[in-house]
Amino acid sequence: MRIGILALQGAFTEHEKMLSKLGADSFEIRQRADFTKEISGLILPGGESTVMEKLMGESELKEPILQMIQRGIPVMGTCAGMILLAKTVIGGESHLACMDITVERNAYGRQLASFKTESEYGGARIIPMVFIRAPYVANVGQGVEVLAKVDGKIVAVREKNMLACAFHPELTEDTTVHSHFLHMCNTMNC
Ligand code: GLN
């Protein structure tokens, strides 16, 4: 299994480390040519969604990423990655606009509003969650499963082949979210 990680900006190396800890191969996606490699799943990391949007446009990656998601390849967006996936963005513009969620950008305030907490994920276990200038999900469409909430706000969701969280699971030692994503990659690929 090989997971592609969008590596234009942001916290992509931490995802690579987490995947290798779980025994999964990954490769960085910086240009269209990188998509020639076989891919079982795609990670859109945290960082700055507006910068990623600009770089995706410049490197002509937006269209192939969207096509891949529409083909049903599993995708995981963390923080800015979640913003990229959302159909509606409060406090910003929508980008890939493929997931039926409304997210509020910088919902906890700006730079200083970073915090660490713990909450239940997927009704199964309590995991650590690191939030950095994070969004939260203000609204979900009908086919969207809510996987986690913090203080009543939705912070992790799944819709078909798309998994998204407002926090940074790659910045903790806990492997729950990445294991969940790899399970999707194992079971959803033909
Ligand atoms: N606030 C950032 C944005 O709007 C996201 C922050 C993050 O990914 N840690 O893109």
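A few points about this structure:
- Test result for F167, within 19 Å of G47 (Cβ to Cβ), in contact (Cβ under 8 Å) with a residue 60 or more places away in the chain and in a loop (DSSP other than H, G, I, E, B): yes
- Any hit, the range 90-106, residues being closer than 15 Å to C165 by Cα, within 16 Å of the ligand (Cβ to nearest atom), of a type outside the set (D, E, K, R) and modelled with pLDDT under 95: yes
- Matching residues in the range 23-54 - criterion: being without any contact (Cβ under 8 Å) to a residue 60 or more places away in the chain and hydrophobic (A, V, I, L, M, F, W, C): F27, I29, A33, F35, I39, L42, L44, V51, M52
- Failed item, numbered, when G123 is tested on (1) among the small types (G, A, S); (2) more than 12 Å from the ligand (Cβ to nearest atom); (3) at pLDDT 95 or above: (3)
- Residues that are within 17 Å of V144 (Cα to Cα) and not small (G, A, S) within the range 97-125 comprise C98, M99, D100, I101, T102, V103, E104, Y121, listed in sequence order.
- Out of G57, G77, G41, G4, one residue alone is within 14 Å of the chain's Cα centre (by Cα), within 16 Å of the ligand (Cβ to nearest atom) and not aromatic (F, W, Y). It is G77.
- Selection from the range 94-151 of residues that are of a type in the set (A, V, I, L, M, F, W, C), free of Cβ contacts under 8 Å to residues at least 24 places away in the same chain and in contact with an Asp or Glu (Cβ under 8 Å, 6 or more places away or on another chain): I126
- Taking the criterion of being crowded, with 19+ Cβ neighbours inside 10 Å and within 16 Å of the chain's Cα centre (by Cα), the only residue of the range 112-127 that qualifies is Y121.
Condition check ((1) small (G, A, S); (2) within 23 Å of M188 (Cα to Cα)) across all residues:
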site	(1), (2)
Q9	no, no
R30	no, no
E38	no, yes
G47	yes, no
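- Test result for L19, under 17 Å from the mean Cα position of the chain (by Cα), under 23 Å from L182 (Cβ atoms) and part of a helix (DSSP H, G or I): yes
- Restricted to the range 128-146, and to residues there that are of a type in the set (A, V, I, L, M) and crowded, with 21+ Cβ neighbours inside 10 Å, the residue that is nearest to the ligand (Cβ to nearest atom) is A134.
The values are calculated or read from the model by the stated rules, or taken from the named source; none is laboratory data. Note that the structure is predicted; figures quoted are calculated from it, not measured. No Cβ is skipped: glycine too gets one built from the backbone with ideal geometry, and neighbour counts run over all protein chains shown.
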